[in-house]
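Chemist: Input: one structure, supplied below.
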Amino acid sequence: MGSTKMKYRLRTVAVAIALLCAVPLATGCDDAGTGTSTTASQDAGADLSKGTLDTENPAPPVTASAGADTSETPSGTEPSTESGSSDESGSSDTPEPTTTASVPDPCELLPNTQVSTLTGMSVDSGGDDVGDKDAPECQWHLVAEPGDGADFTVKLSPTTPEKFAEERIAGSVDVDGVGDEAVARDSRLYVRSGSTLIDIYFRRSSVDDATVLATQKKVAGAVVQKLH
């Protein structure tokens, strides 16, 4: 009887021990399975991060992360440093158009009363502008007495020292004492005063050439004074 009880107790202990051992074994198997699954997932992630392609489940395309620098210049391309055609002043290379200097109207510079004083003759007619806007010209007809008359004109136009020299009439003579430079020929006196050419024509048959030239110089001197 005691032997039977002892055997029963040993069997019960063995069953209990077996049950106790079965629980951790089952848990250990689950853990092993979970560990295997986790390892496989990590390996798959590692493969994707390395760019390994799975033909059945291809990895998604790699995109630039936030804050990445995408402003680099493409290889072989130099940034342009050329500026516009205009310079700092805003001006272009196109030359500015040349403008003609304006000159006053000689009819306004020389009223009839002054013409009479300068020439010693009365104004019979004239005092009218017969030129154009770039070269105004005033014309008078003068008389001293019956049968003693004269034609008188004053014309103004722009000029330069170079132009005055180029247009000098052959056979003209230099005249001193009026303007910057002057020449005379055939009842005409050409005087340059600065950038203005004064062309004076005076023809009077009753006096000699010296008297004609003296009258022209008086008129030219009056015009020069009014130009400055």
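Chemist: Can you pull the one-decimal nm distance between simple spin-label points at S116 and R203, each 7 Å off the Cα toward Cβ?
Modeler: A separation of 2.5 nm, rounded to one decimal place.
Chemist: A follow-up question, please. Can you give the local net charge around V143? Use residues other than it whose beta-carbon is closer than 12 angstrom to its beta-carbon, Lys and Arg +1, Asp and Glu -1.
Modeler: Residues near V143 contribute -3 overall.
Chemist: Would you please put 199-206, 140-147, 164-171, 184-191 in order of how densely packed they are, using the mean number of other Cβ atoms within 10 angstrom per residue and starting with the highest?
Modeler: 184-191, 199-206, 140-147, 164-171
Chemist: Tally Lys and Arg at +1 and Asp and Glu at -1 over the other residues with C-beta under 11 Å from the C-beta of S187: what net charge comes out?
Modeler: Summing Lys/Arg as +1 and Asp/Glu as -1 gives +1.
Chemist: Something else about it: Extending each Cα 7 Å along its Cβ direction at D151 and R168, get the distance between those two points in nm, one decimal.
Modeler: The modelled label-to-label distance comes out at 2.8 nm.
Chemist: Between R185 and A144, with labels modelled 7 Å along Cα→Cβ, what's the label distance in nm to one decimal, could you check?
Modeler: With each label point 7 Å from Cα toward Cβ, the separation is 2.7 nm.
Each reported figure results from applying straightforward, stated rules to the coordinates on display, with no laboratory input. As the structure is a computational prediction, the values presented were derived from the model and not from experiment. Quick reminder, even Gly has a Cβ in these numbers, built from the backbone with ideal geometry, and neighbours come from all protein chains shown.
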